[in-house]
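The values are calculated or read from the model by the stated rules, or taken from the named source; none is laboratory data. These figures come from a predicted structure and were not determined experimentally. All Cβ positions, glycine included, derive from the backbone under ideal geometry; neighbour counts span all protein chains shown.
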Amino acid sequence: MSTDSTPTPTDPTDEFPTAFLDVDDLSSEQLDAVLDRGTALKAGKDLTQLPRTTLAMLFEKPSTRTRTSFETGMTRLGGHAMFMGPDDIHLGHGEPLKDTARVFAGYADCIMARVFDHADVETIAEYADVPVINGLTDDAHPCQTLADLLTLREEVGDLSETTVAWVGDGNNVARSFALGCALAGVDLRVATPDGYGLGDDCLSRAADCGGAPTLCESPEAAVEGVDAVYTDVWVSMGEEDEREAKLPAFDGYQVNADLLSGTDAKLMHCLPAHRGEEVTDGVIESDRSLVWTQAENRMHAQNGLLVSLLD
């Protein structure tokens, strides 16, 4: 028997969660490990394959990047992605959602669900005995945050020395990004109109992750000296009937050349963009734009997550 009392270093992937429903399901170390694997897979330095592995993709909401990035990613990993759209399956209608979750867990090695109600993906995770990934809900978009942080690593460098401003609606993308920034040590500043902030629950969770964002009184205050400015649509999918009532609150929150003048800040946007509303065409098409890298990195970051969950 060894008498060496030196503790064995903890592998950051030990006890990796079986469900990734929001970014703070991971520890800081696990988040780093997922990003590391995404980087290595993108560079061809990690050749991990997932042969004979099936990802079931359940879509209640339409998607461009989520479907394409997961399908292409699974193909690159040697696996298979099975798409079930809103016309193929009615989550929670016709049979209990918990039954759907257990049936698909019998066919697939992992389930990704893109749904409206966050409680639905929680139910899927509760009853499926395979890993479950949140591809987006009205509350959270953690896969986008993985891509965002991977992009910032590539384009700015050390995340713990990076400052980002979020300007606009405190929506699902913003909330997950705030949690990811807290875990990764990114200095995040947030400028949102009254009534459209991140919410007390998100701020409390971010504090538990290592640091709540700084709330700024104006977009101008938020963007001063930052490395990147992040924005998203003001009217999210499913909120179309609120459009006329919501838009006036965002007067002055557009990311445009005037807001970015005097800064070297890069532009981030998760897409699709409503050009002329939250961001101008000139800015999104400028050399500042990181949006195409973010879009590509959805696949690489998600591949890092998939191999961490399934390898």
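Miscellaneous remarks
- Residues located in segment 197-220, provided they are hydrophobic (A, V, I, L, M, F, W, C) and touching a strand residue (DSSP E or B) at 6+ places or on another chain (Cβ under 7 Å): 198, 215, 216
- Taken together, 213, 193 contain a single residue that is out of contact with any His (no Cβ under 8 Å at 6 or more places or on another chain) and either surrounded by fewer than 22 Cβ atoms within 10 Å (Cβ to Cβ) or β-branched (Val, Ile, Thr) (or both), which is 193.
- When 53, 68 are checked against the criterion of being surrounded by fewer than 17 Cβ atoms within 10 Å (Cβ to Cβ) and in contact with a helix residue (DSSP H, G or I) (Cβ under 9 Å, 6 or more places away or on another chain), 68 stands alone in meeting it.
- In the set 119, 113, only one residue is under 24 Å from residue 172 (Cα atoms) and not in a helix (DSSP H, G or I); that residue is 113.
- Inter-residue pairs, beta-carbon under 6 Å, first assigned by TED's automatic domain parsing to the domain that holds residue 306 and in segment 68-91, second in a loop (DSSP other than H, G, I, E, B) and among the polar types (S, T, N, Q), 6+ apart: 77/49; 78/49; 79/53
- In segment 135-180, the qualifying residues are those that are acidic (Asp, Glu) and not in a helix (DSSP H, G or I), and the one that is surrounded by the fewest Cβ atoms within 10 Å (Cβ to Cβ) is 158.
- All of (1) on the phi < 0 side of the Ramachandran plot; (2) in contact with a strand residue (DSSP E or B) (Cβ under 9 Å, 6 or more places away or on another chain) hold for residue 64 with one exception: (2).
- Single residue of 276, 252, 238, 282 found to be under 21 Å from the mean Cα position of the chain (by Cα), exposed (fewer than 14 other Cβ atoms within 10 Å of the Cβ) and not aromatic (Phe, Trp, Tyr): 238
- Top-ranked residue in segment 71-99 [being among the small types (Gly, Ala, Ser) and surrounded by fewer than 14 Cβ atoms within 10 Å (Cβ to Cβ); ranked as farthest from residue 142 (Cα to Cα)]: 94
- Test: residue in segment 146-159 that is modelled with pLDDT of 95 or more, touching a His at 6+ places or on another chain (Cβ under 6 Å) and among the hydroxyl-bearing types (Ser, Thr, Tyr): no
- Verdict on residue 229 being touching a Phe, Trp or Tyr at 6+ places or on another chain (Cβ under 9 Å) and closer than 24 Å to residue 156 by Cβ: yes
- Residues in segment 181-190 that are assigned to a strand (DSSP E or B) and crowded, with 24+ Cβ neighbours inside 10 Å: 188, 190.
- When residues in segment 197-209 are screened for being surrounded by 15 or more Cβ atoms within 10 Å (Cβ to Cβ) and farther than 22 Å from residue 249 by Cα, 3 of them pass.
- Selected residue (only one of 301, 212, 228, 222 is in contact with a helix residue (DSSP H, G or I) (Cβ under 6 Å, 6 or more places away or on another chain) and not assigned by TED's automatic domain parsing to the domain that holds residue 42): 212
- Test: residue in segment 1-18 that is at pLDDT 95 or above and aliphatic (A, V, I, L, M): no
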